[in-house]
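Worksheet for the structure shown next.
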Amino acid sequence: MSAHADRFSVRTRGKGTYEITDEVSRIVRQSGIQTGTVTVFVCHTSASLVIMENADPSARRDLEAFFDHLVPEDTPYFVHTYEGADDMPSHIRMALTRTSEVIPVIDGRMALGTWQGVFLFEHRRAPHERRIVVSITGDS
């Protein structure tokens, strides 16, 4: 059993989804691991990760609109607003999604479906630099 870890950063332009599939794939290839799993982890409490359709951007826009509706920024009973009106909603959106994804690795590649991609889901309005950690374990 082998293990490999790496990290990278993603600069966001504010709320939205940012595809990171290619960067994760590059790290998986560099690991030399042929069969196993890759864990992708975002090191933040106001951003998350999702596996989502990567062919039609309207699917991601609909996801973003749904979360804006589900957890609106103008909720009057939120107390945690130190960093602005999007502070607590961004934490709730993160809690409703995930901070990590685990994907099988087969023949040295992520075993994603045809239209699946790995996305950083930025929940804050302001641009941020988000740190992503990738860990691959398995057999070479």
Going residue by residue through segment 42-54, is there one that turns out to be surrounded by 13 or more Cβ atoms within 10 Å (Cβ to Cβ), hydrophobic (A, V, I, L, M, F, W, C) and not in a strand (DSSP E or B)? no
Output the qualifying pairs, or none if there are none: Cβ atoms under 8 angstrom, residues six or more apart or on different chains, first residue in segment 91-115 and at positive phi, second residue modelled with pLDDT of 95 or more and surrounded by fewer than 16 Cβ atoms within 10 Å (Cβ to Cβ). Asp107/Gln34; Asp107/Thr35; Gly108/Arg29; Gly108/Gly32; Gly108/Gln34
I'd like to know if segment 1-23 contains one or more residues that are in a helix (DSSP H, G or I), modelled with pLDDT of 95 or more and not acidic (Asp, Glu). yes
Looking only at segment 107-124, filter to residues that are surrounded by fewer than 16 Cβ atoms within 10 Å (Cβ to Cβ) and touching a strand residue (DSSP E or B) at 6+ places or on another chain (Cβ under 8 Å); which one of those is farthest from Ser31 (Cα to Cα)? Trp115
Residue selected from segment 26-41 under the condition in a strand (DSSP E or B) and of a type in the set (Val, Ile, Thr), by the criterion nearest to Val133 (Cα to Cα): Val40
For Phe78, state whether it is assigned to a helix (DSSP H, G or I) and farther than 30 Å from Gln30 by Cβ. no
If the Cβ limit is 7 Å and pairs must be 6+ apart or interchain, which residue in segment 55-67 that is over 19 Å from Met94 (Cβ atoms) pairs with which residue that is at pLDDT 95 or above and surrounded by 12 or more Cβ atoms within 10 Å (Cβ to Cβ)? Ala59/Met52; Ala59/Glu53
In this structure, does Pro89 turn out to be out of contact with any Lys or Arg (no Cβ under 6 Å at 6 or more places or on another chain), farther than 12 Å from Ser135 by Cα and either modelled with pLDDT of 95 or more or crowded, with 16+ Cβ neighbours inside 10 Å (or both)? yes
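The values are calculated or read from the model by the stated rules, or taken from the named source; none is laboratory data. The structure displayed is predicted, hence computed values, not measured ones. Positions of Cβ are generated from backbone atoms using ideal geometry, with glycine treated the same way; all protein chains shown enter the neighbour counts.
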